[in-house]
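For reference, the structure discussed in these notes is given below.
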Amino acid sequence: MNFFIVLRKELTEQWRTKRFLIVAAVLVVFGLTSPLLAKFTPDLLKSIPNIPTGLAEMIPVPSVTDAVGQYVKNMAEFGILLVLLMSMGVVAQEKERGTAAMLLTHPVSRLNFLIAKFTALGIMFAVSLAVAALSCWYYTLLLFTALPLGPYLALNGLILVVFLVYIAVTLLCSTLVRTQGAAAGLAFAALVLVAGIGSLPRIGEYFPGRLFTWGAALALGGGDPAWPALGVAAGIIVLALVSACLFFEREEI
Amino acid sequence: MIQTEDLHKHYGAVHALDGLNLTVESGTVFGFLGPNGAGKTTTLRILSGLARPTSGRASVAGLDLASDGRTLSRRIGFLPEEPTFYSWMTPREFLDYLGRLHGLSPLERSARTKELLELVNLAEAGKRRIGGFSRGMRQRLGVAATLVHRPEVLLLDEPVSALDPVGRKEVLELIETLGGQCTVLMSSHILADVERVCNVVGIIAKGRMIVQSPREALMERYAQPVFVAETADTASARRWADRLRIQPWAAAVCVDGEIVRVTVKDIAQARKELLASAVAQEIVLRRYEESRPSLEDVFLQLVNKEAAQ
């Protein structure tokens, strides 16, 4: 099937252009430093000269909760930013350079073209996140205690779902415009919009950002499930991909 | 093999195609000529499935583009004016990738890649990254890419515009040999190239086909004798041209710097009066010749007539 031929080319491209390595390296750095920062930040604060009296005693003793919290925070901020940076040009750039026109006059359907890109990005972030999660888990074990594997896997699964949401939305933005710059602007606007709506008190419960808090609570052995947010995340992924495919199918390249 | 009927393409208020009727018979090498903005690229983009007509019908290799567009890519090869590739790939990888998409077996892909790289003189650069290629090398790779699956129809948009004289000669010879094997529709603004390889010519202006005819018939029908003279300076060339334009035997007079090009209706009269006119006007001539009418003369004559209407 031509889908797998295009997917293979996308994965090879990620490898040869070092994008795969960059994503893996950045996520691993955040995975490694999360337990390290959690462990040593209090010590760093205490070592500041002329620290006000009594403040050092107020700094809590670091725990595994801080390590998980730091990991989730890093993925929610820098991980999503990385998703945007890596996804924003994937379609727009090909349209801008003319490679899309070159390829689409050969037997590649526009649906396969888009879905292969989404799948390749998903694989790249899934593998990179797995390596990052493993390094975070190992350092947490060294510095604090072992995190239960099942819930920890669930946390990373939920992080991946949020990543997939942003990959799909950014891919849609990249499909709607013809230049990489415009795709970047639109993708950041979409990020601000989704994050803005997600921070609203009641509505935020149903938005993908809620999956981070659910995942963190799961990894630490508790927390209320956020199934509606998971459903909304899946809905956004499907909606963004269907919209991108419908638009791209009608677009003149 | 290729047919368009009353094809229209509008971009807002701009009518890129305005009722284009085109017929390309099987096995011909069709030269598609027209000034900039005439609609050549738009036509090729529609025929390759990258763009849709606003109205009208088009069919390629027996496939109606409106209903059978999905299978079109297996039957055609399309070369855009500036072919672009994945810069991280090598030509071998790129041709192999296209071979995979067209369902060729590993053995077929390997043989076809080797054969095509040799055909377009890129065998030695087969393992180099395309990102470092010159425009001419990319153009040659583009030609190879259109041939991977041995298409029935080749759509070539300015296929030799970026090539040096040697590369141009080689690619034109290649196109000429393809004539018997597949149908070629080639747009170009280099009329000498079209004259050399195309056996049928179509001239488009303002989105409409002005004329479509076998090359020889076109030349016989429209080519008028031409005299070319080189004067000593631009001012005298212009002065003389103004004088010649009012002569009843002169069909058209063009001035390009010091060169005066006179297309004539009555060659006998022109032979008698042209030099006499130069002497009367005290024009110093460096060169004077009666030249064989070229496709360029026919093209300019027809396009200028269309523009005047």
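Just so you know, all these numbers are worked out from the coordinates, no wet-lab data involved. On a predicted model such as this, the values are computed, not experimentally measured, just so you know. In this analysis, Cβ positions are derived from the backbone assuming ideal geometry, glycine residues included, and neighbour counts consider all displayed protein chains.
Under the rule of -39500 (n - 2.57) per DSSP H run of 4 or more residues, summed and divided by the residues of the protein assembly as shown, what mean residue ellipticity at 222 nm is obtained, to the nearest 500 deg cm²/dmol? After summing the helix terms and dividing by residue count, I get -18000 deg cm²/dmol. Only Cα sites of chain A enter the Debye sum here, all with the same form factor; the resulting log10 I(q)/I(0) across q = 0.18 1/Å is -1.34, listed in q order. Neighbour counts of C-beta atoms inside 10 Å place B:SER87, B:SER134, B:SER67, B:SER188 in the sequence B:SER67, B:SER134, B:SER87, B:SER188, starting with the fewest.
Determine the sum of side-chain charges near B:ALA58: Lys and Arg each +1, Asp and Glu each -1, restricted to other residues whose C-beta is under 9 angstrom from that of B:ALA58. Before the final figure, lay out the partial values.
On the way: positive: B:ARG57; negative: B:GLU5, B:ASP64.
Residues near B:ALA58 contribute -1 overall.
Kirkwood hydrodynamic radius, computed over distinct alpha-carbon pairs, for segment B:1-80: how many Å, to one decimal? Before the final figure, lay out each step's value.
On the way: mean 1/r = 0.0776 Å⁻¹.
Kirkwood hydrodynamic radius for segment B:1-80: 12.9 Å.
Averaging 1/r over every pair of different alpha carbons in chain B and inverting the result gives a Kirkwood radius of 21.5 Å.
Relative to the compact-globule estimate of 2.2 N^0.38 Å, the Cα radius of gyration of segment A:98-206 comes out at 1.39. Derived scalar couplings between HN and Hα for segment B:16-28 equal 5, 10, 10, x, 6, 10, 9, 9, 10, 6, 4, x, 8 Hz in order, rounded to whole Hz, by the Karplus curve 6.51 cos²θ - 1.76 cosθ + 1.60 (θ = phi - 60°), x for Gly and Pro. Note on segment B:115-193 and segment A:122-163: Cα centroid distance 51 Å, given to the nearest whole angstrom. D by Stokes-Einstein for segment A:203-253, Kirkwood Rh over Cα pairs, 4 °C, 1.567 mPa s: 103 µm²/s. Computed from Cα atoms, the angle from the helix B:91-101 axis to the main principal axis of chain B rounds to 70 degrees. Helices of chain A meeting both criteria, an alpha-carbon length of 18 angstrom or more along the long axis and an average Kyte-Doolittle score not below -0.5, with helices taken as full DSSP H segments, are A:2-16, A:19-46, A:110-143, A:149-176, A:180-198, A:227-250. At what distance in angstrom do the alpha carbon centres of segment B:87-110 and segment A:96-112 lie from each other? Taking the Cα centre of each part, segment B:87-110 and segment A:96-112 sit 15 Å apart.
Leaving out same-chain residues fewer than 8 places away, which aspartates and glutamates sit with a Cα under 16 Å from that of A:LYS117? Straight-distance partners of A:LYS117: A:GLU10, A:GLU13, A:GLU94, A:GLU249. About the centre of its Cα atoms, segment B:1-106 shows a dipole size close to 220 debye [charges on the beta carbon of Lys, Arg (+1) and Asp, Glu (-1) only; nearest 20 debye].
Rank the residues B:THR23, A:THR119, A:THR170, B:THR71 as a footprinting-exposure proxy: fewest other Cβ atoms within 10 Å of their Cβ go first. Walk me through the intermediate numbers first.
On the way: B:THR23 15, A:THR119 18, A:THR170 30, B:THR71 10.
Result, fewest neighbours first: B:THR71, B:THR23, A:THR119, A:THR170.
Taking a straight Cα-Cα cut-off under 18 Å and skipping sequence neighbours fewer than 8 places away in the same chain, the aspartates and glutamates within cross-link reach of B:LYS114 are B:GLU93, B:ASP96, B:GLU124, B:GLU170.
Could you please state, rounded to a whole Å, how far the C-alpha centre of segment B:18-46 is from the C-alpha centre of segment B:248-309? Cα centroid of segment B:18-46 versus Cα centroid of segment B:248-309: 29 Å apart. Remark: C-alpha extents of segment B:105-224 on the principal axes read 51, 29, 25 Å, sorted largest to smallest. Electrostatic bookkeeping for A:LEU143 treats Lys and Arg as +1 and Asp and Glu as -1; over the other residues with beta carbon under 14 Å from its beta carbon, the sum is -1.
What the pair-distance distribution of segment B:83-139 shows, using all Cα-Cα distances binned every 5 Å from zero, is 4, 21, 31, 25, 15, 4, 0 percent.
Quantify how strongly other chains surround peptide A:8-21 by giving the mean number of their Cβ atoms within 10 Å of each of its Cβ atoms.
On the way: counts 2, 7, 0, 0, 5, 3, 0, 1, 6, 3, 1, 0, 0, 0.
Average neighbour count from other chains, rounded to a whole number: 2.
Kirkwood hydrodynamic radius for segment A:1-79: how many Å is it when counted over pairs of different Cα atoms?
Numbers: mean 1/r = 0.0642 Å⁻¹.
Across segment A:1-79, the inverse of the average 1/r is 15.6 Å.
In the protein assembly as shown, the ratio of gyration radius to Kirkwood radius, Rg to Rh, stands at 1.16 when only Cα atoms are counted.
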